[in-house]
Amino acid sequence: MPDHFYVYPAYLGRGRSRAAGRRVGAEESVADLSAEEIVQAARRLGYTAVVETDKNYPRDAGAYAGRVKVTKRAGTTKARFLHQLSAELHARRPAAGAR
């Protein structure tokens with residue numbers, strides 16, 4: 001079993017449906033998300049994360065938004081990590097009405 005998992009910005013993207021690859025609920029999704037922002041949030045959560053800029057989400061052939069390689073921790077599933085990551089991203093961004 002690998003000691004890491006991959007996170008694509010599409011997993012949390014607000015402009016996507018679940019069928020198109022989003023892995024969190026619509027209320028947890030994030031607009032205009034980059035791989036670098038995912039790395040920063042993962043590091044704030046205590047994970048080791050690295051951007052792989054030359055990779056693309058398989059459903060978006062030709063669109064190289066990158067992916068993030070995150071080292072697993074015991075007892076944390078990928079789904080749980082994505083929910084934690086979404087909460088961290090929302091906590092660090094200003095409220096939608098404040099823009």
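Out of 41, 10, 49, one residue alone is in contact with a Gly (Cβ under 9 Å, 6 or more places away or on another chain) and surrounded by 14 or more Cβ atoms within 10 Å (Cβ to Cβ). It is 10. Can you find, within the stretch 63-72, the residue that is surrounded by the fewest Cβ atoms within 10 Å (Cβ to Cβ) among those that are under 13 Å from the mean Cα position of the chain (by Cα) and closer than 14 Å to residue 34 by Cβ? Selected residue: 65. Of the residues making up the stretch 25-36, just one is closer than 11 Å to residue 7 by Cβ and either small (Gly, Ala, Ser) or at pLDDT 95 or above (or both), namely 35.
Being within 18 Å of residue 3 (Cβ to Cβ) and either at pLDDT 95 or above or surrounded by 19 or more Cβ atoms within 10 Å (Cβ to Cβ) (or both) is a property that residue 75 lacks. Sub-9 Å Cβ pairs linking a first residue in the stretch 68-83 that is on the phi < 0 side of the Ramachandran plot to a second residue that is in a helix (DSSP H, G or I) and of a type in the set (D, E, K, R), at least 6 apart or interchain, are 68/36; 70/78; 72/78; 82/28; 83/28, ordered by first then second residue.
Taking into account only those residues within the stretch 44-56 that are out of contact with any Lys or Arg (no Cβ under 7 Å at 6 or more places or on another chain) and modelled with pLDDT under 95, which is nearest to residue 21 (Cα to Cα)? Looking at residues that are out of contact with any Lys or Arg (no Cβ under 7 Å at 6 or more places or on another chain) and modelled with pLDDT under 95, I get 56.
The residue of the stretch 78-99 that is surrounded by the most Cβ atoms within 10 Å (Cβ to Cβ), among those that are closer than 18 Å to residue 13 by Cα and small (Gly, Ala, Ser), is 86.
Could you please give the count of residues in the stretch 53-62 that are of a type in the set (D, E, K, R) and exposed (fewer than 13 other Cβ atoms within 10 Å of the Cβ)?
Counting residues in the stretch 53-62 that are of a type in the set (D, E, K, R) and exposed (fewer than 13 other Cβ atoms within 10 Å of the Cβ) gives 2.
The values are calculated or read from the model by the stated rules, or taken from the named source; none is laboratory data. What you are looking at is a predicted structure, and each value in this text was computed from that prediction instead of being measured. Methodologically, a virtual Cβ is constructed for each residue, glycine included, from the backbone with ideal geometry; neighbour enumeration extends over all protein chains shown.
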